[in-house]
Amino acid sequence: MTDSSNGKKYVGSATGENMIWGRWKDYIANGNGGNIELKSLDFEYIQKNFRYSILEIYKSTTDDDAILERESWWKELLMTRQFGYNKN
């Protein structure tokens, strides 16, 4: 996700039974998907300024650990821990 007002990014992953559908339903419901850094932002702000992209797609049979490793790789590559909304 990219905040178009300031360029900050957030990388998340989707695992479990509902994978990306379950994750995106959370973002639709509250804008933050449970992320601590995003919770500090107003839902209307997120709706207005956030743009969404899918970086990779995995089969539902992919091991959750492999997906989480790739999530971490993307966070490093895009530097979202230092300059974005990821803190883990």
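Observations on the model:
- 26 Å Cα-Cα reach of residue 59 towards lysines, excluding residues that sit fewer than 8 places from it in its own chain: 9, 25, 75
- Full-extension gain in nm, residue 68 to residue 24, via 0.36 nm per residue minus C-alpha separation: 14.2 nm
- Acute angle (nearest 10 degrees) that the helix 64-78 long axis makes with the longest principal axis of the chain, alpha-carbon atoms: 40 degrees
- 222 nm mean residue ellipticity, helices alone, for the chain (DSSP H n ≥ 4; -39,500 (n - 2.57); rounded to 500): -13000 deg cm²/dmol
- Percent RCO, i.e. relative contact order, over the chain, from Cα pairs under 8 Å lying at least 6 residues apart: 44 percent
- Shown here: Cα extents along the principal axes in Å, derived from the displayed model; of the candidates (i) 56, 30, 13; (ii) 36, 27, 19; (iii) 45, 40, 24, it corresponds to (ii).
- Relative packing of 51-60, 9-18, which averages over residues the other C-beta atoms within 10 Å, highest first: 9-18, 51-60
- Here's the list of aspartates and glutamates a cross-link from residue 48 could span, going by alpha-carbon distance under 13 Å and ignoring same-chain residues fewer than 8 apart: 3.
- Between 0 and 90 degrees, the angle of helix 19-30 with respect to the longest Cα principal axis of the chain falls at about 20 degrees.
- Each other residue within a Cβ distance under 9 Å of residue 80 adds +1 if Lys or Arg and -1 if Asp or Glu, for a net charge of +3.
Bear in mind these aren't lab numbers, they're just calculated from the coordinates by the rules spelled out. Note that this is a predicted model, so its numbers are computed, not measured. With ideal geometry, Cβ positions are generated from the backbone for all residues, glycine too; neighbour counts draw on all protein chains shown.
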